[in-house]
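The values are calculated or read from the model by the stated rules, or taken from the named source; none is laboratory data. Not measured: the values here are computed from a predicted model. Surface areas here come from the heavy atoms of the whole protein model, side chains and all, with no ligands, DNA or RNA. Shrake-Rupley method; radii C 1.70, N 1.55, O 1.52, S 1.80 Å.
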Amino acid sequence: MLSLLLWPPLLHAQSNNDSFTDHRVRVGLKLFRALLSADLKLKEKTDTSGAVPVILVHINSEDDTREYQALLDNYLREINGLPLRIDIRTLEQILRPGSDKPAAIFIAQKLNDAELSALIEQSINQGVILFSPFEGDVEKGVLAGISVQAAVRPLLNIGTMNQSRLSIKSFYLKAARQYE
């Protein structure tokens, strides 16, 4: 599973920043899958239909997010034998009081610091997996993301994991670069 982590286009500088961002998001979707499969309490996070609710969040880029949803649907129809329900929501919808609690959230568009802080706080309070493919977000408190060094690896914020009371399988913890 972690062999998906090495994706050559991400390891080379891109002349187009949008292309580089798109590559980070696409690699992030694969790492997101690995993280979801490592959640020891995933069965407890199903909705009333028995599916694991996953949200792709954006601010104003629904077309790109729909493309990412299609990619995720292609290789993440189920996880650990559980079907997934992948929805797209704006940040405003997610932060609205009384909104449904997902099992996990994938940030599909770069958020500003205030937006990111609000989402981090909510994900910690609700014990929701929060994944961002964007550089620097894990260091700001997002649970998981991408570490690009000699090889592409998952990046995990241990403080956020502990505050969120999430239980992650040891294989993921061992493979991930840990930020404390």
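Using all alpha carbons of region 95-137, what is the percent of pairwise distances in each 10 Å bin, ordered from the shortest bin to the longest?
Distribution as computed: 27, 61, 12, 0 percent.
Past 19 Å, Cα to Cα, is the threshold; run Lys41/Lys140; Lys30/Lys169; Lys45/Lys110; Lys45/Lys140; Lys43/Lys140 against it and keep the listed order.
Lys41/Lys140; Lys45/Lys110; Lys45/Lys140; Lys43/Lys140
Taking the full set of protein chains and a 1.4 angstrom probe, give the accessible area of Lys43 in square angstrom, rounded to the nearest 10.
Rounded to the nearest 10, the figure is 150 Å².
Connecting C-alpha atoms closer than 10 Å in a GNM of the chain, tell me which of Asn112, Asn157, Asn125 has the biggest fluctuation.
Largest GNM mean-square fluctuation: Asn112.
At 20 °C and 1.002 mPa s, what whole-number value in µm²/s does Stokes-Einstein give for the translational diffusion of region 27-86, with Rh from the Kirkwood sum over Cα pairs?
Result for D is 177 µm²/s.
Any idea what the relative contact order of the chain is, in percent, if you count C-alpha pairs under 8 Å spaced at least 6 apart?
Reported as a whole number, the value is 23 percent.
Which percent of the accessible area of region 78-180 is formed by carbon and sulfur heavy atoms (probe 1.4 angstrom)?
46
From the protein chains alone at 1.4 Å, what is the descending order of accessible area for His58, His23, largest first?
His23, His58
What does the helix-only formula give at 222 nm for the chain: each DSSP H stretch with n ≥ 4 adding -39500 (n - 2.57), the total divided by the residues, and the result rounded to the nearest 500 deg cm²/dmol?
-12000 deg cm²/dmol
Scan the chain and note any complete DSSP helix (H) whose C-alpha atoms cover at least 15 Å along its axis and whose Kyte-Doolittle average is 1.6 or more.
Helices meeting the criterion: none.
Need one number: convex hull volume per residue for region 73-180, Cα atoms only, in Å³.
121
Mind ranking Arg165, Arg24, Arg66, Arg153 by accessible surface for me, highest first, 1.4 Å probe?
Output order, biggest surface exposure first: Arg165, Arg66, Arg153, Arg24.
Once the piece of chain linking Asp47 and Lys140 is laid out straight, how much longer is it, given 0.36 nm per residue of separation minus the C-alpha distance between them?
Gain on stretching Asp47 to Lys140: 30.6 nm.
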